[in-house]
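Remarks on the structure that follows.
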Amino acid sequence: MHFELDDKYLEVRAQARAFADAIEDIAAEADEMSEVHPGVLGALRDSGLSGLMVPAEYGGRFERVDPLAICLAREAIMATSAHADSLFALQGIGSFAITLAGSEEQRRRWLPGVGTAEHLAALALTEPATGSDLKSLATTVTPHAQGLLLNGEKSFISNAGAAALYLALAREGDDFTLLLVPADLPGIEISPTPVIIAPHVLGEMKFSDVQLPTDARLGKPGRGFDLVLATLAVFRVSVAGAAVGLAQAALDEALRHTNTREQFGRPLARLGPVAQMLADCATEIEMARLLTYRAAWKAIDEPASNLHYSSMAKLAASEMAGRVVDRCVQVMGRFGLIRDSKIERLYRQARPMRIYEGASEVLRQSIARKLNESAPGKPLSDD
Ligand SMILES: Cc1cc2nc3c(=O)[nH]c(=O)nc-3n(C[C@H](O)[C@H](O)[C@H](O)COP(=O)(O)OP(=O)(O)OC[C@H]3O[C@@H](n4cnc5c(N)ncnc54)[C@H](O)[C@@H]3O)c2cc1C
């Protein structure tokens, strides 16, 4: 058993912390924006961190995209800025299917720019009427004389309007195909999504007879779902990394406050129930962190067969972040409620994490299915 991170991971973490430090002064402003903050994007480009999202052959950092490295980076970045975390994460989520199934030409065309964050990427699955039940989606792709025609609507798409490329899931006959859609094609309309409690770069998309070449299909026709699952198998656990970073930042805020404010003649942190809440926060963060690192480590070599394990980490860490940040607000009393304070920002930012990339209830369903399939008494993590 080996619980220490190798030098390569320590380097990534240090690099991500340096990026977070570099944007600290603009983080609060960026986190209230529904458009890309140019200062944060510039700092992301300078950091070189997007290189974690593509293989070395196409300008990336490591030979293969490494889920543990991405987790560690998101943990460090999310502690400072949800805006920066999302920009970083989308570079992988919105491009990984090209790494997996793009043609050599598509990889050479897009991946180097994704790795430097010159091109922003996006993954368009959700639709106005379709969320968790993705197989009910209505967007269609149909063959026509010059290639393919894409029609439909997508909703709540991160980076919509800012991205240079979209990976869009569409119905093709009875199956689903994932398409590489360059942002500058005619027939794509983008409008703003309503601003959410923790603002995020989001847009609504409409595809009207968008003409695509036949090689816009990533992988084999009708195999789009496999690519979406393969993407989740590598990136879902990174949401858990971000949730751990958010919870740690909340605890750090609460510790600062409760060690300096006195009531009843003592710092708040020395009052029994407050101390116990802080101890519970620290314990839960560490539990989630260990599960997250292990899930990410298992996803390095065998992402697909460990998707349930990544789901456990995402479920545990995002629910933990909700509990922790709530307790941290509580121990800070009225000071925890001040609009646009760091703790209030973290409180709002924790909430969407239990909904996107698999709502908690949907993840529980899939973990339960896996449990029921496995032999009685056999732990899901057994290896
Ligand atoms: C900040 C943010 C960024 C996003 N970015 C993207 C993006 O880049 N690309 C993209 O495609 N989408 C994106 N989404 C959309 C996101 O993926 C969906 O919100 C998510 O899939 C859930 O779908 P829904 O919101 O329609 O909820 P619904 O599917 O309507 O579900 C509502 C609730 O019902 C419950 N529920 C649903 N199904 C089940 C079930 N089978 N069993 C038990 N309970 C269930 C859950 O509690 C769930 O939260 C983003 C969303 C947010 C908030």
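The values are calculated or read from the model by the stated rules, or taken from the named source; none is laboratory data. Values in this document were obtained by computation on a predicted structure and should not be read as measured data. Cβ coordinates were reconstructed from backbone atoms using ideal geometry, including for glycine residues, and neighbour counts include every protein chain displayed.
Please go through the stretch 195-223 and give me each residue that is closer than 17 Å to residue 153 by Cα and under 27 Å from the mean Cα position of the chain (by Cα), ordered by number. Answer for the stretch 195-223, where residues must be closer than 17 Å to residue 153 by Cα and under 27 Å from the mean Cα position of the chain (by Cα): 202, 203, 204, 205, 206, 207. Give the residues of the stretch 163-194 that are under 14 Å from residue 213 (Cβ atoms), under 25 Å from the mean Cα position of the chain (by Cα) and either modelled with pLDDT under 95 or away from the ligand (no atom under 16 Å from the Cβ) (or both), sorted by residue number. The answer is 182, and nothing else. Scanning the stretch 176-192 for residues that are among the charged types (D, E, K, R) and part of a loop (DSSP other than H, G, I, E, B) returns a single hit, 184. Listed by first and then second residue, the pairs with beta-carbon distance under 8 Å, at least 6 apart or on different chains, first residue in the stretch 290-309 and over 25 Å from residue 248 (Cβ atoms), second outside any helix (DSSP H, G or I), are 308/380. Take the conditions (1) under 29 Å from residue 325 (Cα atoms); (2) out of contact with any Leu (no Cβ under 6 Å at 6 or more places or on another chain); (3) assigned to a helix (DSSP H, G or I); (4) not acidic (Asp, Glu); residue 13 misses just one of them, which is (2).
Conditions (1) of a type in the set (Phe, Trp, Tyr); (2) within 16 Å of the ligand (Cβ to nearest atom); (3) in contact with an Asp or Glu (Cβ under 7 Å, 6 or more places away or on another chain); (4) closer than 25 Å to residue 317 by Cβ, marked per residue:
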position	(1), (2), (3), (4)
46	no, no, no, no
64	no, no, no, yes
85	no, yes, no, yes
97	no, yes, no, yes
103	no, no, yes, no
106	no, no, no, no
110	yes, no, no, no
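Counting residues in the stretch 293-301 that are touching a helix residue (DSSP H, G or I) at 6+ places or on another chain (Cβ under 8 Å) and either more than 30 Å from residue 366 (Cα to Cα) or at pLDDT below 95 (or both) gives zero. The set of residues from the stretch 255-314 being within 30 Å of residue 97 (Cβ to Cβ), among the acidic types (Asp, Glu) and not in a helix (DSSP H, G or I) comprises just one member, 302. Of the residues that sit in the stretch 122-148 and are crowded, with 19+ Cβ neighbours inside 10 Å and more than 9 Å from the ligand (Cβ to nearest atom), which one is farthest from the chain's Cα centre (by Cα)? Here the answer is 148. Checking 254, 233, 160, 240 one by one, the residue that is touching a residue at least 24 places away in the same chain (Cβ under 8 Å), more than 19 Å from residue 348 (Cα to Cα), buried (at least 18 other Cβ atoms within 10 Å of the Cβ) and away from the ligand (no atom under 15 Å from the Cβ) is 233 and no other. Against the condition modelled with pLDDT of 95 or more and surrounded by 17 or more Cβ atoms within 10 Å (Cβ to Cβ), how does residue 81 come out, does it pass? Taking the combined requirement at face value, the residue satisfies it.
Say whether the condition of being closer than 21 Å to residue 226 by Cβ, within 16 Å of the ligand (Cβ to nearest atom) and not in a loop (DSSP other than H, G, I, E, B) is met by at least one residue in the stretch 337-352. Within the stretch 337-352, none of the residues are closer than 21 Å to residue 226 by Cβ, within 16 Å of the ligand (Cβ to nearest atom) and not in a loop (DSSP other than H, G, I, E, B). Consider the stretch 332-381 and keep the residues that are among the acidic types (Asp, Glu) and loosely packed, with under 14 Cβ neighbours inside 10 Å. The one that is modelled with the highest pLDDT is 361.
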